[in-house]
Amino acid sequence: MSRAVAGAQASESENAHLSFWHATCAGPARVTPSLAEDIDVDVAIVGAGFTGLWTAYYLKSLDPSLSVCVLEANFPGFGASGRNGGWAVGEMAGMATRFADPTLRDSAIRLQRALFDAVSEIGRVSEKENIDCHYAKGGTINVATSPAFEKQLQAEAEHWASLGFGEADFRWLPAEESSRVVRTRENLGGLFSPHCAAIHPQRLVSGLVTSVERMGVRIYSDTPATSIEAGRVSTPGGTVKAGMVVGATEAYTDSIAGRKRRILPFHSMMIATEPLSEAIWHEIGLNERETFGDPRRMVIYGQRTLDGRLAFGARGGYFFGSAIHSRFSPTDVAFEHVRQCLENLFPVLSSVEVTHCWGGALGIPRNWRPVVGIDRGARFSWAGGYVGEGVAATNLAGQTLADLILETDSPLVDLAWVGPAFKRWEPEPLRWLGVAGLGFLGERLDAIDLAGRTSPRLLNWLHDWMIKK
């Protein structure tokens, strides 16, 4: 595997080591000029990933007269926005907690509907702005790969129905019907939702960069924010004064002075196969480019790319001190784990070549719930903590931040995720110990469930309690 990966990556692109998406994006990464002077703007956005770019897009769409700049430590799409699984899914971490709170339930249901709309909105903007991001709204299926997962997904289907979501939003598919969507080795049924699109994320990033620059937004690459104060961002090349600063740094938030321990960077690892034959795709399915996964706690996720590969990922881990690793060796043992997960699902892939291996950091807030907010007195607004489900959520975040900043009378500004800034994580070594313990427990529970047994109720409760705490 490692020889095939190394050879393919070395020949494709200078950015191939970052991800399959960077390697196959049309042209090199858009590296814009660095900031080399002090400037004044109406809105300064820190971070040129999806959150920052969508916020810039909607700000300029609502008020073209605004002066907006985006400050990026590397280049647009360097972080999770250019490395993710390419799922624009209408789901969000922490929704079960919000639905369970009677004071938030109605707002949470509206938030869920807004997430559904965000999936379609990405397609609308891509078409309007001529962004060829390989958008395919084929839906997503969560496959019951064990009896325990079958019970869990059937209960989830009933829960969605109790909240007023019909089969047009979430539908339980019996085994025969589920297997027509995706033919995993074990398939006892699946929970299907049409509210998901497969995309090429770095192509979407590049398209958004072109669009917002055309609208007059200035993007500065290689311009890390060293500190953020009220209406002021310091960088090595100059200081930006702004009427409002937007924090859109997700997993990289810890690198900014005064923002430590707000977001935990957790790594996820991915592989992409060589283009597969039609005969192999006949064995796998995914004819409409549906995305797929199963309910295991150590999350897995996959999609059929436009060029006929299977891109597949699994959770990696946390590095002590919130360190972020951006480059990985194809021989890293984590990639062998990802490949083994993939082959367990689809034995037909045991002999295909894996041509790309990569990883990146997603952001996890202390309460495991994404948030959007604004503090007008501090002239600071924020969004993030997507826990790996950020492609569609960032679009909604950008819309919401634009409405909050411009004080627009919008149904988005009082949705259930609009609230105070992130609570801090514990200091080390408590942080590492807690995350390592949670991962160990999750892996053991997954192993029990995938073996066809029922994981102990007490250990499941403990796992869920640790996340909520």
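Values quoted throughout were computed directly from the atomic coordinates according to the rules given, and no laboratory measurement underlies them. The structure presented is a predicted model; accordingly, all values stated were derived computationally and were not measured. Quick reminder, even Gly has a Cβ in these numbers, built from the backbone with ideal geometry, and neighbours come from all protein chains shown.
If you take the beta carbon distance between Lys151 and Ser107 as r and set R0 to 41 Å, what does 1/(1 + (r/R0)^6) give as a FRET efficiency, to the nearest 0.05?
Details: r = 30 Å, r/R0 = 0.72.
It comes out at approximately 0.85.
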Nearest-ten-degree value, helix 147-162 long axis tilted from longest Cα axis of the chain: 50 degrees
Gly388 long-range amide H proximity, modeled H, under 5 Å: Gly363
In order through segment 382-389: 3J(HN,Hα) via Karplus (6.51 cos²θ - 1.76 cosθ + 1.60), integer Hz, x for Gly, Pro: 8, 7, x, x, 7, 6, x, 10
Gained length - Asn130 relative to Val31, 0.36 nm times residue gap less alpha-carbon distance: 33.6 nm
Cβ-Cβ FRET estimate between Ser351 and Glu443, R0 fixed at 35 Å, reported to 0.05: 0.80
Under Karplus coefficients 6.51, -1.76 and 1.60, residue-wise ³J(HN,Hα) of segment 198-205 in Hz, glycine/proline x: 7, 9, 9, x, 6, 5, 5, 4
Calculated from backbone phi, Karplus (6.51, -1.76, 1.60) coupling profile of segment 323-333 in Hz, x at Gly/Pro: 5, 10, 9, 9, 10, 9, 7, x, 8, 4, 4
Hits among lysines - C-alpha to C-alpha of Lys137 under 22 Å, sequence gap 8 or more where chains match: Lys128
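I want the antiparallel fraction of DSSP beta bridges within the chain, as a percent rounded to 5.
Around 70 percent of the beta bridges assigned by DSSP in the chain are antiparallel ones.
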Gain in span if fully extended, Glu177 to Thr239, counting 0.36 nm per residue against the direct Cα distance: 16.5 nm
The chain: angle of helix 457-468 to the longest principal axis, Cα-based, in degrees nearest 10: 10 degrees
Within straight-line cross-link reach of Lys423, lysines at Cα separation under 25 Å, skipping those fewer than 8 residues along the same chain: Lys260, Lys468, Lys469
Label of the coordinate-derived value, Rg and Dmax of the Cα atoms in Å, listed as (1) 22.1, 77; (2) 23.0, 90; (3) 21.3, 63: (3)
Angle between the chain longest axis and helix 50-62 axis [Cα atoms, degrees, rounded to 10]: 50 degrees
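May I ask you to sort Leu71, Leu441 by Cβ crowding, counting other Cβ atoms within 10 Å and putting the fewest first? Before the final figure, lay out each step's value.
Working: Leu71 30, Leu441 17.
Listing Leu71, Leu441 from fewest to most nearby Cβ atoms yields Leu441, Leu71.
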Neighbourhood charge, 11 Å Cβ-Cβ cut-off, centred on Val299 and excluding it, Lys, Arg +1 and Asp, Glu -1: 0
Spin-label pair Leu406/Ala257, simplified geometry with 7 Å Cα→Cβ offset, distance in nm: 3.4 nm
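If the chain between His325 and Trp432 were fully stretched, how many nm would it gain, using 0.36 nm times the residue separation less the Cα-Cα distance? Walk me through the numbers before you get to the answer.
Working: separation 107, 0.36 × 107 = 38.52 nm, distance 1.58 nm.
Fully extending the segment from His325 to Trp432 adds 36.9 nm.
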Nearest-0.05 FRET efficiency for Glu167 and Trp368, computed from C-beta distance (R0 35 Å): 0.80
